[in-house]
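Below you'll find the structure, written out as structure tokens, and then a few comments.
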Amino acid sequence: MNIMFVNTWMWLFLLILHVLEAGVFAVDSKQFNILYLIADDLRPTLGCYSDPVVKSPNIDQLASVSTVFHNAYAQQAVCGPSRVSFLTSRRPDTTKLYDFNSYWRVHAGNYTTLPQYFKSNGYTTLSVGKVFHPGIASNHSDDYPYSWSVPPYHPPSFKYEKRKVCKDKDGTLHSNLLCAVDVSEMPLGTLPDIENTAEAIRLLESMKDSHHPFFLAVGFYKPHIPFRIPREYLKLYPIESMTLAPDPDVPKKLPNVAYNPWTDIRKREDVQALNLSFPYGPIPKDFQLFIICWSLGEHGEWAKYSNFDVATRVPLIMYKPGVTSPFPRPVEKTFPFIDVFQGTREQFGKGRGVERVVELVDVFPTLSHLAGLSPLRHCPSSSFKIELCTEGSNLANLIRNPERELNREAYSFSQYPRPSDSIQENSDLPDLADIRIMGYSIRSTDYRYTLWVGFDHVRCQPNMTDIHAGEMYLLAEDPGEDNNVFDEFDHTTVLRKLGMLPSWTESLKHHVMYLSSGLKSKGIL
């Protein structure tokens, strides 16, 4: 193993024990082997991100010899669109995927994916678990054979994920949100991520003597709901040590279009039993504490589907021996296993921290550059007919050379669709045909700025002059994004110009530059 990009969770440490055994390079080759780990819906609530509660010593151990990006953002806070975005290095307006109901190669363009690019350069590419979103969004094949050398692996036990397997006190089975289980009592006697780990280890062992370099992507399903996890993990987070989110109420100046009513949470049997009012709830505080062992609560929200930091910010960790740390000695155990249940107090360094704002579309050009492949050219404003290009940036220089000073002009772009200005049952996950508004959000070091504008779902184009609502959060004084000060600034002049610019990203870049200069002149930044 040589390069690892990580959005990781519980069973990562089992893989870490095996990655170096697979070899830094392929046999008789100087091409790097790649292990790419993904965890569904994981926030930066890890020790290496200075979280005081979460016990993650093995991930922290990895981070201590890695580059840790502290401000990395997804381009849309929902599974299918986000995965297609970072695996093609294109934004949702280019993939034209905002829901789960189309395949980008047919609906938008025949874009080359990250694993496909490695495959075309002689790599054996392998997929385990949830890498692409399953179903129509990846052509019911996880984009095989374009992206993968062999058919992707999916754990057999995953088919029970939404079934009634959560045992109540009286022994009856339910389909709950909160579902701590005895693994031995589960169908097939296991859980999906345990199976994913076992298969990934098997593949690593089978590839270690290969003459071809490999690219192995492993997608963990947790901490995505439902929270079907081994019961023993609850011992690590006793309910009496949990605290409510610091800002559990819906902000007073939050426009309705910005709020999502966590509809999928409401469908779970244990949540239905609470008889919550729509759309805000609230959820009783004792139940909130149980959820917080795993989820959100900020702004009165209990799901992603928004443009807030808590939904779009993700952990991003990169490990490359010889770059982020010295090459390990042949007999050296780089990642000795740490049993979190033994009450370990191991302390690790924080690794090379990068504070600059980055995006997940940056991963493709960065990883291919670090592996020595030909660099990707940047996509023009319209790239639907171009198979290989990137809408991200190459971060390799940040990995090789720590930041000397923070780049305050770096931005990340996220977006989220809505069916209407009012809150509806389908506000969380509108189908493309129902999308009428798009929230375009830009995040800098100093602020988050969001415009909710009219959207043509047929042409997949925004009308940047049709402003429905706006949000502006000054992060130095409002890090939780609770006080919307959009109405306190004069946006009129620039808003009139936005519709004449070629794309929303360019529009918002121009708008942000205008806002930045205005805020600096007032001494706010």
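The values are calculated or read from the model by the stated rules, or taken from the named source; none is laboratory data. All values reported here derive from a predicted model rather than from experimental measurement. With ideal geometry, Cβ positions are generated from the backbone for all residues, glycine too; neighbour counts draw on all protein chains shown. Each accessible area value is taken on the protein alone, full model and side chains, heavy atoms only, with ligands, DNA and RNA left out. Shrake-Rupley method; radii C 1.70, N 1.55, O 1.52, S 1.80 Å.
Residue check: is P213 open to solvent by less than 20 Å² (accessible area, probe 1.4 Å) and of a type outside the set (S, T, Y)?
yes
Quick one: would you say G171 is surrounded by fewer than 13 Cβ atoms within 10 Å (Cβ to Cβ) and not aromatic (F, W, Y)?
Answer is yes for this residue.
Among the residues of the range 301-349, what is the count of those that are modelled with pLDDT of 85 or more, of a type in the set (D, E) and closer than 26 Å to L367 by Cα?
Within the range 301-349, residues that are modelled with pLDDT of 85 or more, of a type in the set (D, E) and closer than 26 Å to L367 by Cα number 1.
Looking at (1) of a type in the set (V, I, T); (2) out of contact with any Lys or Arg (no Cβ under 8 Å at 6 or more places or on another chain); (3) modelled with pLDDT of 95 or more, can you tell me which one V361 breaks?
Checking V361 against (1) of a type in the set (V, I, T); (2) out of contact with any Lys or Arg (no Cβ under 8 Å at 6 or more places or on another chain); (3) modelled with pLDDT of 95 or more, the one that fails is (2).
Restricting attention to the range 319-341, does a residue exist that is touching a residue at least 12 places away in the same chain (Cβ under 8 Å), under 24 Å from Y411 (Cβ atoms) and crowded, with 20+ Cβ neighbours inside 10 Å?
no
Quick check on my filter: what residues within the range 144-168 are within 20 Å of H224 (Cβ to Cβ) and open to solvent by less than 40 Å² (accessible area, probe 1.4 Å)?
Within the range 144-168, P152, P155, S157, E161, V165, C166 qualify.
Which condition breaks for K350 when tested against (1) within 25 Å of the chain's Cα centre (by Cα); (2) more than 30 Å from Y237 (Cα to Cα)?
Only one criterion is unmet by K350, namely (2).
Just one of (1) assigned to a loop (DSSP other than H, G, I, E, B); (2) in contact with a Leu (Cβ under 6 Å, 6 or more places away or on another chain) trips up P81, so point out which.
All conditions are met except number (1).
Which residues, taken from the range 174-209, are within 30 Å of A371 (Cβ to Cβ), surrounded by 16 or more Cβ atoms within 10 Å (Cβ to Cβ) and either among the polar types (S, T, N, Q) or touching a Pro at 6+ places or on another chain (Cβ under 6 Å) (or both)?
Across the range 174-209, the qualifying residues are P192, E195, N196, T197.
Got at least one residue in the range 364-380 being exposed (fewer than 14 other Cβ atoms within 10 Å of the Cβ) and hydroxyl-bearing (S, T, Y)?
yes
When the residues of the range 436-470 are filtered to those that are among the charged types (D, E, K, R) and outside any loop (DSSP other than H, G, I, E, B), which remaining residue is surrounded by the most Cβ atoms within 10 Å (Cβ to Cβ)?
Top of the filtered list is R443.
If only one of L429, L474 is over 24 Å from H70 (Cβ atoms) and either open to solvent by 10 Å² or more (accessible area, probe 1.4 Å) or aliphatic (A, V, I, L, M) (or both), which one is it?
L429
Among G109, G135, which is the only one that is of a type in the set (G, A, S), modelled with pLDDT of 95 or more and closer than 30 Å to L173 by Cα?
Result: G135 is the single residue among G109, G135 that is of a type in the set (G, A, S), modelled with pLDDT of 95 or more and closer than 30 Å to L173 by Cα.
Can you list residue pairs whose Cβ atoms sit under 7 Å apart, with the first residue in the range 127-156 being assigned to a strand (DSSP E or B) and the second being among the acidic types (D, E) and modelled with pLDDT of 95 or more? Count only pairs 6 or more apart in sequence or on different chains.
As it stands, the answer is S127/D142; V128/E199; Y153/E199, since those pairs meet every condition given.
So for the range 301-310 (the condition being open to solvent by less than 70 Å² (accessible area, probe 1.4 Å) and more than 27 Å from I442 (Cα to Cα)), does at least one residue qualify?
No, the range 301-310 contains no residue that is open to solvent by less than 70 Å² (accessible area, probe 1.4 Å) and more than 27 Å from I442 (Cα to Cα).
Would you pick out the residues in the range 383-426 that are open to solvent by 30 Å² or more (accessible area, probe 1.4 Å) and either outside any loop (DSSP other than H, G, I, E, B) or in contact with an Asp or Glu (Cβ under 8 Å, 6 or more places away or on another chain) (or both)?
Once the filter is applied, which keeps residues that are open to solvent by 30 Å² or more (accessible area, probe 1.4 Å) and either outside any loop (DSSP other than H, G, I, E, B) or in contact with an Asp or Glu (Cβ under 8 Å, 6 or more places away or on another chain) (or both), the range 383-426 yields S393, N394, N397, R400, E403, L406, R408, N426.
Give the range 39-66 a look and list any residue that's in contact with a strand residue (DSSP E or B) (Cβ under 8 Å, 6 or more places away or on another chain) and crowded, with 24+ Cβ neighbours inside 10 Å, or say none. So that I can check it myself, show each step before the final result.
Residues of the range 39-66 that are in contact with a strand residue (DSSP E or B) (Cβ under 8 Å, 6 or more places away or on another chain), as a first pass: 39-40, 42-44, 46, 48-49, 59, 62-63, 65-66.
Result: A39, C48, I59, L62, A63, S66.
Does A476 fit the bill of being of a type outside the set (F, W, Y) and either over 25 Å from V250 (Cα atoms) or at pLDDT 95 or above (or both)?
For A476, the condition - of a type outside the set (F, W, Y) and either over 25 Å from V250 (Cα atoms) or at pLDDT 95 or above (or both) - is not met.
For the range 217-242, name all the residues that are among the aromatic types (F, W, Y) and either surrounded by fewer than 19 Cβ atoms within 10 Å (Cβ to Cβ) or assigned to a loop (DSSP other than H, G, I, E, B) (or both).
Kept after step one, since they are among the aromatic types (F, W, Y), are these residues of the range 217-242: 220-221, 227, 233, 237.
Passing the criteria: Y221, Y233, Y237.
Determine, yes or no, whether V257 is surrounded by 14 or more Cβ atoms within 10 Å (Cβ to Cβ), assigned to a helix (DSSP H, G or I) and in contact with a Lys or Arg (Cβ under 8 Å, 6 or more places away or on another chain).
Considered against the rule, which asks whether it is surrounded by 14 or more Cβ atoms within 10 Å (Cβ to Cβ), assigned to a helix (DSSP H, G or I) and in contact with a Lys or Arg (Cβ under 8 Å, 6 or more places away or on another chain), V257 comes out as yes.
Could you grab the pairs with beta carbons closer than 6 Å, sequence gap of 6+ or different chains, first residue in the range 299-317 and at positive phi, second one of a type in the set (D, E) and open to solvent by 10 Å² or more (accessible area, probe 1.4 Å)?
Close Cβ pairs satisfying both conditions: G300/D249.
Report, by residue number, each residue of the range 84-125 that is in contact (Cβ under 8 Å) with a residue 40 or more places away in the chain, open to solvent by less than 10 Å² (accessible area, probe 1.4 Å) and not in a loop (DSSP other than H, G, I, E, B).
Answer for the range 84-125, where residues must be in contact (Cβ under 8 Å) with a residue 40 or more places away in the chain, open to solvent by less than 10 Å² (accessible area, probe 1.4 Å) and not in a loop (DSSP other than H, G, I, E, B): V84, S85, L87, T88, P92, L114, P115, F118, T125.
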